[in-house]
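What follows is calculated from the coordinates using simple rules that are stated; it is not laboratory data. In this text, all values refer to a predicted model and were calculated from it rather than measured experimentally. Counting neighbours? That spans all protein chains shown, and the Cβs are built from the backbone with ideal geometry, glycine included.
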Amino acid sequence: MAKIIVFNNDTNRMETYYRNENEAMPYNTNRSLLVSEFRGSSQSPTLWTTKRAMQSWNSTRYLYGRPIPVGFAFKRPWEGGHSNQSQHYAGVAFDVGQRLSNSERNTLRNLARSSGVWSYVEPASLTPTWVHFDKRFGRPACSTGGYPVVRRGSISTYVLIAQDDLNTLGYRTGGLDGIFRK
Ligand SMILES: [Zn+2]
């Protein structure tokens with residue numbers, strides 16, 4: 001059983017769900033993304049994502065027309081495995097298609113790019129053996145990209161990252177909920 005925190009981009013609120021590993025993610029349609037697929041190798045009892053990332057997944061799966069094999073999606077910062085300020089820690093990134101042939105992967109990558117539903121699709125030159133796409137949001141804090149600034153009053157999965165980092169370092173943040181209280 002996983003606790004899943006979802007940032008609802010339409011209401012600007014955090015929603016909490018409890019789902020078994022073989023159940024679909026919140027806002028997923030047609031069981032095309034199970035909790036176990038979203039978490040990949042993450043051991044975290046708590047997962048997070050956004051409604052918009054789930055909707056982008058639904059669109060991509062529909063356009064592709066067949067199952068998309070997922071390698072990794074979610075990771076908590078302390079689990080590592082990704083670069084600093086990775087969108088995987090924000091729960092809005094997918095690494096998929098590791099088991100596809102080169103041509104199938106290119107089809108999926110091109111489709112993800114042309115669909116326009118993702119904020120970023122990694123070029124094949126950077127990740128030739130998988131396809132990375134993500135639905136990052138907010139204005140990056142610096143010109144070279146990265147996470148948006150979070151401040152008092154912010155509600156986002158980036159606040160969850162900050163809370164998770166601070167909790168891991170021994171600071172008390174009043175919970176892991178994605179809400180930076182005023
Ligand atoms: Zn990735």
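Observations on the model:
- The trypsin sites (Lys or Arg not before Pro) of segment 1-49 that meet both conditions, a loop assignment by DSSP and at most 16 other Cβ atoms within 10 Å of the site Cβ, are Arg31.
- Placing +1 on the Cβ of every Lys and Arg and -1 on the Cβ of every Asp and Glu, with nothing else charged, gives the chain a dipole about its Cα centre of roughly 400 debye.
- Contact order relative to length of the chain, as percent, for alpha carbon pairs under 8 angstrom and 6 or more apart: 18 percent
- Proximal lysines to Lys75, defined as alpha-carbon separation beneath 27 angstrom and excluding residues fewer than eight positions away on the same chain: Lys3, Lys51, Lys135
- Largest GNM mean-square fluctuation across Thr129, Thr168, Thr29, computed for the chain with C-alpha springs under 10 Å, falls on Thr168.
- For the chain, the 222 nm mean residue ellipticity estimated from helices alone, with every DSSP H stretch of n ≥ 4 adding -39500 (n - 2.57) and the total spread over all residues, rounds to -7500 deg cm²/dmol.
- The phi-based Karplus calculation (6.51 cos²θ - 1.76 cosθ + 1.60; θ = phi - 60°) puts the 3J(HN,Hα) values of segment 128-137 at x, 9, 8, 10, 10, 9, 8, 10, 5, 8 Hz, whole numbers, x for Gly and Pro.
- Shown here for segment 1-84: GluC sites (Glu not before Pro) in loop regions (DSSP other than H, G, I, E, B) with at most 14 other Cβ atoms within 10 Å, namely Glu21.
- Phi to ³J(HN,Hα) by Karplus 6.51 cos²θ - 1.76 cosθ + 1.60 over segment 87-94, Hz, x for Gly, Pro: 6, 5, 5, 8, x, 10, 10, 10
- Relative frequency of Cα-Cα separations exceeding 22 Å in segment 57-182, percent: 41 percent
- Across Trp118, Trp48, Trp78, mean-square fluctuation computed from a Gaussian network of the chain (C-alpha pairs under 10 Å connected) peaks at Trp78.
- For the chain, the longest principal axis of the Cα atoms and the long axis of helix 51-64 meet at an angle of about 10 degrees.
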